Amino acid sequence: MNLLFTIAAIFMVWMCLDCIKRREHFIWLIIIVVLFPVGALAYFIFVKSKAPNPATPAGSPRFFNSPPPKEVDTQETLQLKDLINKFNKPYHHQELGLHYLEEKKFELAIPPLKEAVERDPDLTEAKYGLAKALYALGRYSEAAEHLQELVKVNKKYDYGNAIFGLAECYRLSGDDDRALEAYEAVINSYHFFKAYYHYARLLEKRGRTEEAIDTMKSLIGSSKDLPDYKLEKERHWIEEAYKFLRKNGIELA
């Protein structure tokens with residue numbers, strides 16, 4: 001009997017953690033705990049077993065031609081769709097697309113964001129959101145087209161994240177020339193360690209090894225004065241820079 005109770009308790013905790021990770025409505029947490037163990041079983045059947053794995057990265061391959069995510073309207077999406085039906089304003093399309101983007105429903109986000117951009121090119125949030133959705137789905141060249149337009153107007157958009165995203169799109173789509181140029185623009189104005197790292201790797205790819213080494217040294221040098229929370233965030237790229245230097249026969253103290 002104690003063993004069954006322990007298993008049920010572990011299962012309940014697992015469902016609670018899954019509910020938090022998926023950001024499901026808080027009422028499910030109440031159901032799971034209060035109606036123990038039936039609530040946990042109900043959550044597993046009606047939510048977990050039917051929802052996509054939250055740990056699956058955006059843009060992962062859809063094996064066996066699995067269908068696109070089913071659209072489930074919320075009160076907010078219903079209100080926005082009602083406004084679109086009544087007034088059909090680009091802004092409402094933008095807000096609907098941004099809502100889907102926030103929910104990581106990238107395929108659903110693209111149509112309303114495209115509609116918003118086509119009807120009002122000045123809606124920069126829609127343009128940026130569209131680029132993010134395309135990027136998340138691995139459509140890097142398309143994402144780059146929208147980021148190019150955005151960066152032309154404002155190179156510092158979203159505190160440099162737009163031009164950094166553009167550099168990433170160029171790199172991931174195999175356009176090394178433009179990626180180098182964009183990364184250089186990023187590291188000249190911002191301390192994005194990932195940008196330093198990939199800029200150096202592209203330099204190495206071009207045979208410009210000494211420049212690559214200097215860039216990796218700059219990355220490590222910039223990390224010396226980072227606060228602890230920032231250091232932890234950038235630790236991966238710092239470690240990769242050390243590996244790169246050791247590979248090239250350079251040991252830093």
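The values are calculated or read from the model by the stated rules, or taken from the named source; none is laboratory data. Nothing here was measured: the structure is a model prediction, and the numbers come from that model. A quick note on method: Cβ atoms are made from the backbone with ideal geometry, for glycine too, and the neighbour counts reach across all protein chains shown.
Restricting to segment 189-225, name every residue that is outside any helix (DSSP H, G or I) and out of contact with any helix residue (DSSP H, G or I) (no Cβ under 7 Å at 6 or more places or on another chain).
Residues satisfying the conditions are 206, 207, 208, 224, 225.
Being within 24 Å of residue 84 (Cβ to Cβ) and within 18 Å of the chain's Cα centre (by Cα) is the requirement here; does residue 143 meet it?
no
I'd like to know if segment 167-181 contains one or more residues that are of a type in the set (Gly, Ala, Ser), in a helix (DSSP H, G or I) and under 30 Å from residue 126 (Cβ atoms).
yes
Taking residue 71 as meeting all but one of (1) charged (D, E, K, R); (2) modelled with pLDDT under 75; (3) farther than 26 Å from residue 119 by Cβ, write down the number of the exception.
Status for residue 71: all satisfied but (3).
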